[in-house]
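The values are calculated or read from the model by the stated rules, or taken from the named source; none is laboratory data. Not measured: the values here are computed from a predicted model. Cβ: placed from backbone, ideal geometry, glycine included. Neighbour counts: every protein chain shown. To get the accessible areas, we keep the full protein, side chains included, count just its heavy atoms, and leave off ligands, DNA and RNA. Shrake-Rupley method; radii C 1.70, N 1.55, O 1.52, S 1.80 Å.
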Amino acid sequence: MGSSASVLNPDNDLLDLHGKVAIVTGANAGIGYWTAAHLSKRGAKVYLACRNESRATGAITSIEAWNTSKDRGSLIYHHLSLDDPREAKKSAEEFLAKETRLDIVVNNAGLLASPYEKTKDGIVNTMVVNHLSPLVFTHTLSPLLEKTASEPESDVRIINVSSLMHSAIRAGQTKFDSIDSFNARYEGSWVPPENLKRYGLTKLANILWTNTLQKQYDAKNVPITCISMHPGGVLTDSALERLKQSAIPRLRIAISRLFADEPEQGSFTTLFAAASKEIAKDKGKYRAKYLAPYGKIVEPSKLAKDETLANNLWGTTQKVLKEIYGIEV
Ligand SMILES: NC(=O)c1ccc[n+]([C@@H]2O[C@H](COP(=O)([O-])OP(=O)(O)OC[C@H]3O[C@@H](n4cnc5c(N)ncnc54)[C@H](OP(=O)(O)O)[C@@H]3O)[C@@H](O)[C@H]2O)c1
């Protein structure tokens, strides 16, 4: 398996992860579920950071039935709600109180294209769930990530699951320079429809923030690898639900079945980013890169590489978090 090969073989291409600790957000379903399953199969102790305990413990039972090997790493539920950055911070603080190392963070949980809705704090829900809360969660975990990275033979990775939909946002359609730009509605957009466009905005933020985070670690000489990626089109239950609600659902589902991956294979790009031997051999090549299936480095959109936009996003994120939520990052 190389960076340009087509399919990943998790049993051969991933590192031995015994002794390593991983967090996968949104691991009770879809891509996150299979990411957690294969990381634990390689020996990692995996925390399933989820908002619903029974869905998470149900997923753990199911993964344990899928892989009954004694060699498997343990699977543990950790409560995380991304509905409010304050809750994300609390969740990360609780994690810091119970673990002594952290090797892999996969920010996978996400709100797919949704109706326009603002939270009680006045920020659009997709921006909170997909950008602000994962950022606060990761920054709060950072002291433990940095401590782990300072240990010999460490290979600490932060993976932000973005989407090809980031490219739905074109030049001139965001500056990320105000709360209003976070709350952009894209009303009247047809191709793609406005809810997909708003989702794309958050996925653009994922890539820009990944690159900023990498720069921040590089400036401190902290050897952490930050990667953003698109998992491919994946027919998860929630993706299927959305197709059912679309125009001409049967046709769209039939077409998706032809081209989309099943959830297990849909986790392969995330797994490549989080734990591949290939990246361990040449971390520098992968820092702040954007990957497409199944681990190929590709160029994201022009906006996703725009440093001014990345700086604006960081500045507005800091301001919003401080002024609205009382959180400093
Ligand atoms: N599927 C695709 O084709 C595709 C394509 C490109 C990118 N992606 C990205 O891949 C990632 C996973 O997608 P998926 O298709 O596997 O999605 P999914 O099956 O809908 O799973 C999403 C996960 O995120 C969790 N989540 C949602 N809102 C949350 C919140 N407020 N707080 C905490 N957890 C929350 C869900 O928890 P509950 O079960 O409790 O709701 C679930 O565990 C997402 O970031 C998505 O943007 C997917």
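The table below gives the values:
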| item | result |
| --- | --- |
| From phi via Karplus (6.51, -1.76, 1.60), per-residue ³J(HN,Hα) for region 8-17 in Hz, x at Gly/Pro | 9, 10, x, 5, 9, 8, 9, 5, 6, 10 |
| Solvent-accessible heavy-atom area per residue, rounded to whole Å², over the chain at 1.4 Å | 44 Å² |
| Accessible area (Å², 1.4 Å probe, nearest 10) - T317 | 0 Å² |
| Region 1-155 pair-distance distribution - Cα-Cα, 5 Å bins, rounded % | 2, 9, 17, 20, 20, 15, 10, 5, 2, 0 |
| Per-residue SASA entry for W314, accessible area with 1.4 Å probe, Å² rounded to 10 | 40 Å² |
| Paired Rg and Dmax values of region 72-212, which use every Cα atom, in angstrom | 16.5, 54 |
| M127 accessible area, assembled protein chains, probe 1.4 Å, Å² | 0 Å² |
| Computed over the chain: relative contact order in percent, which uses C-alpha pairs under 8 Å that are six or more apart | 21 percent |
| Debye-sum result for region 283-329 in log10 I(q)/I(0), which assumes one identical scatterer on each alpha carbon, at q = 0.14, 0.16, 0.33 Å⁻¹ | -0.53, -0.63, -1.10 |
| Solvent-accessible ranking of F259, F176, largest area first, probe 1.4 Å | F259, F176 |
| Heavy-atom accessible area ranking, 1.4 Å probe, most first, across E53, E151 | E53, E151 |
| Accessible surface, 1.4 Å probe, highest first, among residues T308, T126 | T308, T126 |
| Rounded FRET efficiency, nearest 0.05, which uses the C-beta distance separating E146 from A113 and R0 of 25 Å | 0.10 |
| FRET efficiency, 1/(1 + (r/R0)^6) with R0 35 Å, evaluated for A65 and Q216 via beta carbons | 0.30 |
| Cα radius of gyration and Dmax for the chain (Å) | 18.5, 55 |
| Placed amide H near I76: partners under 5 Å, 5+ positions off or other chain | V46, Y47, L48 |
| With every protein chain in place, region 172-329: carbon and sulfur % of accessible area (1.4 Å) | 52 percent |
| Most mobile listed residue (Y217, Y47, Y290) in the chain, GNM with C-alpha springs under 10 Å | Y217 |
| About the Cα centre, charge dipole magnitude for region 170-215 (Lys/Arg +1, Asp/Glu -1 at Cβ), debye | 160 debye |
| Cβ-placed point charges (K, R +1; D, E -1), dipole of region 1-69 about Cα centre in debye, nearest 20 | 180 debye |
